Amino acid sequence: MKQFLAAFVLSMAVATPVMAQEEGPFADTAALVSYWTAQNTHSSLTQIYVNGKRVYQRSGFGPAFVKEYFDCHDGSGIKTFCNNIFDGYSTVEGTYGTYSPGLAVYRDGVLYRAGSPFSRVDIKTCYGDMSYYGPVSYYIVESVVDGFGPPYPGNDCF
């Protein structure tokens, strides 16, 4: 029984970093490509993007596997989620950690979430390279007016 338990714990210790590695961080694009070159995506077309640009593609069949990463502004590497106002995000909801929860959120000029009438966040939809499913889309914080300091001038698409 002890041997079984030891083997189970060891297998979890070995398997966990591999599962976590898929989200990053990766030191650079070469490390990300190396990781995906070694992965088994079950013969699916595999497309990997960083900041909307395709960095890796492997041909295959069936539904395509498309994964998006961002080169984090804080220098922490390439990840699927960065959490800095200067980074890109796969979802509008991903941008929420970069500003106060009471601000109104506008996505592409249209009210997305109600909030303070005196402060707002503008989220912009950006489009990158073509994937199997169409252009890769991501979101950036275009501008922030928090009602206290000067307005944050914002980002532009990568």
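Does Phe61 count as part of a loop (DSSP other than H, G, I, E, B), free of Cβ contacts under 8 Å to residues at least 24 places away in the same chain and more than 18 Å from Ala31 (Cα to Cα)? Give the steps one after another, and end with the answer.
Values: part of a loop (DSSP other than H, G, I, E, B): yes; free of Cβ contacts under 8 Å to residues at least 24 places away in the same chain: yes; more than 18 Å from Ala31 (Cα to Cα): yes.
Yes; evaluated as a whole, the condition is true for this residue.
In summary, Gly52 fulfils each of the numbered conditions (1) modelled with pLDDT under 95; (2) on the phi > 0 side of the Ramachandran plot with the single exception of condition (1).
The residues in the range 72-106 that are touching a residue at least 24 places away in the same chain (Cβ under 8 Å) and part of a strand (DSSP E or B) can be counted, and the count is 4.
In this structure, Lys79 does not satisfy being open to solvent by less than 40 Å² (accessible area, probe 1.4 Å), under 30 Å from Ser100 (Cα atoms), outside the structural domain of Tyr138 (by the TED database) and modelled with pLDDT of 90 or more. Across the range 97-128, the number of residues qualifying as charged (D, E, K, R), at pLDDT 95 or above and surrounded by 13 or more Cβ atoms within 10 Å (Cβ to Cβ) comes to 2.
Which members of the range 34-76 meet the condition of being of a type in the set (A, V, I, L, M, F, W, C), in contact with a strand residue (DSSP E or B) (Cβ under 8 Å, 6 or more places away or on another chain) and open to solvent by 20 Å² or more (accessible area, probe 1.4 Å)?
The initial filter retains those residues of the range 34-76 that are of a type in the set (A, V, I, L, M, F, W, C), namely 36, 38, 45, 48, 50, 55, 61, 64-66, 70, 72.
With the extra rule that they be in contact with a strand residue (DSSP E or B) (Cβ under 8 Å, 6 or more places away or on another chain), the set shrinks to 36, 45, 48, 50, 55, 64-66, 70, 72.
Of everything in the range 34-76, those that are of a type in the set (A, V, I, L, M, F, W, C), in contact with a strand residue (DSSP E or B) (Cβ under 8 Å, 6 or more places away or on another chain) and open to solvent by 20 Å² or more (accessible area, probe 1.4 Å) turn out to be Leu45, Val55, Phe65, Val66.
Sub-6 Å Cβ pairs linking a first residue in the range 30-50 that is assigned by the TED database to the domain that holds Asp71 and of a type in the set (Gly, Ala, Ser) to a second residue that is part of a strand (DSSP E or B) and open to solvent by 20 Å² or more (accessible area, probe 1.4 Å), at least 6 apart or interchain, are Ser44/Phe65, ordered by first then second residue. Any chance you could count how many residues in the range 127-158 are under 17 Å from Ile48 (Cα atoms) and of a type outside the set (Ser, Thr, Tyr)? Of the residues in the range 127-158, 7 are under 17 Å from Ile48 (Cα atoms) and of a type outside the set (Ser, Thr, Tyr). Residue count for the range 15-32, restricted to those that are at pLDDT 90 or above, within 16 Å of the chain's Cα centre (by Cα) and assigned to a helix (DSSP H, G or I): 2.
Among the residues of the range 107-158, those identified as acidic (Asp, Glu), touching an Asp or Glu at 6+ places or on another chain (Cβ under 9 Å) and in a loop (DSSP other than H, G, I, E, B) are Asp108, Asp156. If you check Ser131, Ser119 for being farther than 20 Å from Asn84 by Cβ and in contact with a strand residue (DSSP E or B) (Cβ under 9 Å, 6 or more places away or on another chain), only one passes: Ser131. Return the residue satisfying two criteria in turn: it lies in the range 132-145 and is over 19 Å from Asp71 (Cα atoms) and touching a residue at least 24 places away in the same chain (Cβ under 8 Å), and of such residues it is surrounded by the most Cβ atoms within 10 Å (Cβ to Cβ). The residue in question is Val144.
The values are calculated or read from the model by the stated rules, or taken from the named source; none is laboratory data. Keep in mind the model is a prediction, meaning the values are calculated, not measured. Every residue, glycine among them, receives a Cβ derived from its backbone with ideal geometry; neighbour counts consider all protein chains shown. We work out accessible area using only protein heavy atoms, side chains counted, and drop any ligands, DNA or RNA first. Shrake-Rupley method; radii C 1.70, N 1.55, O 1.52, S 1.80 Å.
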